[in-house]
Amino acid sequence: MILGMNHHLPRILAAALLVLFVWLAWSENRKPDQPPRSVSALMEDWEDINAPVEATGGYRNPGVVFTWILLASVTTGFVVLKWIVPTVGQFVADTFFFSTEKIEETPTHHALSLVAQGQYDEAVAVFEKIITKNPQDRFAVMELSRLNMDKLGDIEAGVAVLEQAVTRDWPPEDHGFLLVKLAGLHYSCRSDAARARELLKLVQSKYPGSGCASSAYHKLNEIDEAEFFARRLPA
């Protein structure tokens, strides 16, 4: 409870000061104006410049009113910038960017959650179920292949996932993408340049002018250059 009071103490003090300054300004402003001095009084003051000044505490002093209003304004600005603006900003952010409804976890989310927890075998099983229900889920196919190779160390299983995937019906860009990825695995993981070239040339002939055909062209050049330099190395 004491910690809670300490947390709210600055706000309480700021609010108290604001109320105090507003009340002082209001109290000073409600005082009557000082009546104009007569000509004879002004002449007397002129004749005796050292005469004591009559106290005017019962009348309104514009300078004092301005001072209290200024202090109240400064306090208000501090309160607005320190607490009100951040509170409003947080409320707007919560309203537009967050939902109070519970987000339903999809199978893909569940699989990724398992990966994050290091439960790779369980994640593989979930991705396999996803592909069984939706054979054209490209993300699931790529993640299943990656998990087998990178996390479980089973390169053959990772390649097999893509080998099975490219036999299914896909939109042209997706099919070409998978063929290029599979070619890369055959070359980098299996050292099978012949199979890699076969797949890359299939992409070029089946999907000419596409982005995947361009990727296949560059991959073929990489393989040719790598093999050229490999032949020039001394045995």
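The values are calculated or read from the model by the stated rules, or taken from the named source; none is laboratory data. Keep in mind the model is a prediction, meaning the values are calculated, not measured. FYI the Cβ positions are ideal-geometry reconstructions off the backbone, even for glycines, and counts take in every protein chain you see.
Some points to look at:
- A search for C-beta distances below 7 Å between a residue of the range 190-211 that is β-branched (Val, Ile, Thr) and any residue that is outside any helix (DSSP H, G or I), counting only pairs 6+ apart in sequence or on different chains, returns nothing.
- Within the range 212-231, the residues that satisfy the criterion of being touching a residue at least 24 places away in the same chain (Cβ under 8 Å) and closer than 19 Å to GLU173 by Cβ are CYS212, ALA213, SER215, ALA216, LYS219.
- Listing of helices (runs of 4 or more DSSP H) fully contained in the range 12-123 that carry 3 or more residues being at pLDDT 80 or above: 62-79, 107-116
- Breaking point among (1) buried (at least 21 other Cβ atoms within 10 Å of the Cβ); (2) assigned by TED's automatic domain parsing to the domain that holds GLY211, for ALA111: (2)
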